[in-house]
1. Counting just the residues of segment 57-71 that are crowded, with 17+ Cβ neighbours inside 10 Å and more than 11 Å from the chain's Cα centre (by Cα), which one comes out nearest to PHE21 (Cα to Cα)?
2. Mind listing whichever residues of segment 49-79 are assigned to a helix (DSSP H, G or I) and touching a His at 6+ places or on another chain (Cβ under 9 Å)?
3. Which residues, taken from segment 39-48, are hydroxyl-bearing (Ser, Thr, Tyr) and either exposed (fewer than 15 other Cβ atoms within 10 Å of the Cβ) or out of contact with any Gly (no Cβ under 6 Å at 6 or more places or on another chain) (or both)?
4. Go through segment 34-46 residue by residue and tally those that are of a type in the set (A, V, I, L, M), under 24 Å from PRO72 (Cα atoms) and either touching a strand residue (DSSP E or B) at 6+ places or on another chain (Cβ under 8 Å) or assigned to a loop (DSSP other than H, G, I, E, B) (or both).
5. When the residues of segment 1-33 are filtered to those that are of a type in the set (Gly, Ala, Ser) and not in a loop (DSSP other than H, G, I, E, B), which remaining residue is surrounded by the most Cβ atoms within 10 Å (Cβ to Cβ)?
6. I'd like the residue in segment 102-118 that is assigned to a helix (DSSP H, G or I) and surrounded by fewer than 14 Cβ atoms within 10 Å (Cβ to Cβ) and, out of all such residues, is modelled with the lowest pLDDT.
7. Filter segment 72-100 down to the residues that are modelled with pLDDT under 95 and among the polar types (S, T, N, Q), then identify the one that is surrounded by the fewest Cβ atoms within 10 Å (Cβ to Cβ).
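The values are calculated or read from the model by the stated rules, or taken from the named source; none is laboratory data. Remember, predicted model here, so these are calculated numbers, not experimental data. Positions of Cβ are generated from backbone atoms using ideal geometry, with glycine treated the same way; all protein chains shown enter the neighbour counts.
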Amino acid sequence: MKIAVPTMGKNGLEELVAEHFGQALFYIVVDEKGNVLEALENTSAHRGGTGLPPELLHQKGINVLLCHGIGPKALQLCKNLEIQVYVGESSSVKELFAHWKNQELQQAGMQDACKEHR
C-alpha cells in the first residue's frame, strides 16, 4: 500500500502538510507502516507540468491520500481512480499518518471538499 501526503517540501515525516492538495510542491509517499518511500515532486499542470495531481498519484500506484484540503473535482477524480481520500488537521506528515493509522480521520466526501472550489 502506498499513502501520499501533500507537502511544500521533501523532508519526509517531519515535513509540514500543505494546506491544499493540488498546490503542494511534493507528495511524501509512505507505506502502511509509515516508512518513507519517496518525495514525489508535483509535476502536474497545477505546478506548470501536465496532467492532474490525482493522475500523477495514480501513475505512481498511490492507494490512499491524506490531506487537509481538496477540491471537489480532484476528490471525484481520486474516487474514479480508486484512491481513498482522508481529510484531517495535523501539522506534520508523521502526525497526519498517525491519525490515519489510528482510524481518527474520516474518509472524504463531497461535503469535505474545499468551499472555495465549489
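1. In the first step, residues of segment 57-71 are kept if they are crowded, with 17+ Cβ neighbours inside 10 Å; the result is 57-58, 62, 64-71.
Add one more test, that the residue is more than 11 Å from the chain's Cα centre (by Cα), and what stays is 58, 71.
Values: HIS58: 14, GLY71: 8 Å.
For segment 57-71, the residue satisfying everything is GLY71.
2. Going residue by residue through segment 49-79, those that are assigned to a helix (DSSP H, G or I) are 53-59, 72-79.
Within segment 49-79, PRO53, PRO72, LYS73, ALA74, LEU77, CYS78 meet the criteria.
3. Residue satisfying the conditions is THR43 alone.
4. Applying the first criterion (of a type in the set (A, V, I, L, M)) to segment 34-46 yields 36-37, 39-40, 45.
Among the residues that remain, those that are also under 24 Å from PRO72 (Cα atoms) are: 40, 45.
Now drop any that are not either touching a strand residue (DSSP E or B) at 6+ places or on another chain (Cβ under 8 Å) or assigned to a loop (DSSP other than H, G, I, E, B) (or both), which leaves 40.
Going through segment 34-46 one residue at a time, the tally reaches 1.
5. If we filter segment 1-33 for residues that are of a type in the set (Gly, Ala, Ser), which is where we start, we get 4, 9, 12, 18, 22, 24.
Checking the rest, the ones that are also not in a loop (DSSP other than H, G, I, E, B) come to 4, 12, 22.
Details: ALA4: 28, GLY12: 16, GLY22: 22.
Once the filter is applied, the top-ranked residue is ALA4.
6. Start the filter on segment 102-118 by keeping residues that are assigned to a helix (DSSP H, G or I), which leaves 110-112, 115-117.
Next cut, surrounded by fewer than 14 Cβ atoms within 10 Å (Cβ to Cβ) only: 110-111, 115-116.
On the way: MET110: 69, GLN111: 64, LYS115: 50, GLU116: 46.
That would be GLU116.
7. Residue satisfying both the conditions and the ranking: SER91.
Residues checked against (1) of a type in the set (A, V, I, L, M); (2) over 18 Å from PHE97 (Cα atoms):
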{"site": "ALA4", "(1), (2)": "yes, no"}
{"site": "THR7", "(1), (2)": "no, no"}
{"site": "LEU13", "(1), (2)": "yes, no"}
{"site": "ALA18", "(1), (2)": "yes, no"}
{"site": "LEU25", "(1), (2)": "yes, yes"}
{"site": "GLU38", "(1), (2)": "no, no"}
{"site": "SER44", "(1), (2)": "no, yes"}
{"site": "LYS60", "(1), (2)": "no, yes"}
